[in-house]
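Remarks on the structure that follows.
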Amino acid sequence: MTTPPKARRDNNHDAKPGPVVLDEISKQIIEQLQTDGRKPYAAIGKAVGLSEAAVRQRVQRLLDTGVMQIVAVTDPLTLGFPRQAMIGIKCEGDLETVADKLSSIDEIDYVVLTAGSLDIMVEVVCEGDSHLLEILGKIRAIPTVRATETFVYLKLRKQTYSWGTR
């Protein structure tokens with residue numbers, strides 16, 4: 001279960017009534033799918049002690065409740081996007097409005113409101129430095145954006161989505 005750049009997660013964590021409580025079987029199913037998102041339900045059922053139909057129902061419930069997504073993850077470098085960066089943004093006014101405007105920019109695949117010296121962090125995947133500069137221009141054109149700080153990725157050392165269900 002991972003979220004590639006174009007499979008945006010528009011999570012409004014404040015809107016959810018509370019955390020979903022998962023039993024051990026559901027946690028095991030999630031871990032099986034984090035290892036291989038295309039693993040057949042019959043194989044998952046064998047691993048967790050359920051029928052294929054029961055696994056199918058549980059997976060559908062996990063998808064419907066927003067607990068997980070099953071998506072394909074691409075490697076930006078092999079697709080012609082050699083420049084990735086995290087951009088920190090300082091704003092004035094309503095951060096939610098700025099976050100919504102940032103979310104509408106196609107090249108931005110991650111938007112998070114933060115505490116500390118930066119108000120918002122976004123991640124971008126770009127075709128190169130000139131493309132990054134173009135995206136920075138779009139961000140800086142938002143009226144209440146006061147400053148940006150760009151953190152260019154030099155080398156990706158670890159990226160995992162298998163933190164499980166703890």
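The values are calculated or read from the model by the stated rules, or taken from the named source; none is laboratory data. For clarity, every value in this text was computed on a predicted model and none was experimentally measured. Cβ coordinates were reconstructed from backbone atoms using ideal geometry, including for glycine residues, and neighbour counts include every protein chain displayed. Accessible surface is based on the protein model in full, side chains and every heavy atom, while ligands, DNA and RNA are left aside. Shrake-Rupley method; radii C 1.70, N 1.55, O 1.52, S 1.80 Å.
Of all residues in segment 91-120, those satisfying the criterion of being under 18 Å from the mean Cα position of the chain (by Cα) and among the small types (Gly, Ala, Ser) are 99, 103, 104.
Report yes if residue 125 is modelled with pLDDT of 90 or more, closer than 30 Å to residue 21 by Cα and assigned to a strand (DSSP E or B), otherwise no. So residue 125 does not fit the description; no.
Residues of segment 143-158 include at least one that is assigned to a loop (DSSP other than H, G, I, E, B), of a type in the set (Ser, Thr, Tyr) and at pLDDT below 95. Regarding segment 70-79, can at least one residue be identified that is modelled with pLDDT of 95 or more and within 15 Å of the chain's Cα centre (by Cα)? No, segment 70-79 contains no residue that is modelled with pLDDT of 95 or more and within 15 Å of the chain's Cα centre (by Cα).
Within segment 22-33, the set of residues being open to solvent by 40 Å² or more (accessible area, probe 1.4 Å) and not in a loop (DSSP other than H, G, I, E, B) comprises 24, 25, 27, 28, 31, 32.
For segment 79-117, name all the residues that are closer than 16 Å to residue 149 by Cβ, among the hydroxyl-bearing types (Ser, Thr, Tyr) and open to solvent by less than 70 Å² (accessible area, probe 1.4 Å). Once the filter is applied, which keeps residues that are closer than 16 Å to residue 149 by Cβ, among the hydroxyl-bearing types (Ser, Thr, Tyr) and open to solvent by less than 70 Å² (accessible area, probe 1.4 Å), segment 79-117 yields only 114. Among residues of segment 123-139 that are within 12 Å of residue 150 (Cα to Cα), those with a Cβ under 7 angstrom from a residue that is assigned to a helix (DSSP H, G or I) and modelled with pLDDT of 95 or more, sequence gap 6+ or separate chain, pair up as 124/132; 124/135; 139/102. Of all residues in segment 48-71, those that are over 20 Å from residue 21 (Cβ atoms) and in contact (Cβ under 8 Å) with a residue 24 or more places away in the chain have Cβ atoms under 7 Å from Cβ atoms of residues that are part of a helix (DSSP H, G or I) and open to solvent by less than 40 Å² (accessible area, probe 1.4 Å), 6 or more apart or on another chain, in 70/33. When 55, 98 are screened for being of a type in the set (Val, Ile, Thr), within 25 Å of residue 129 (Cα to Cα) and assigned to a helix (DSSP H, G or I), only 98 passes. Among the residues of segment 75-95, the one identified as assigned to a helix (DSSP H, G or I) and under 16 Å from residue 116 (Cβ atoms) is 95. Selection of segment 58-68 for residues being in a loop (DSSP other than H, G, I, E, B) and surrounded by fewer than 15 Cβ atoms within 10 Å (Cβ to Cβ) yields 65, 66.
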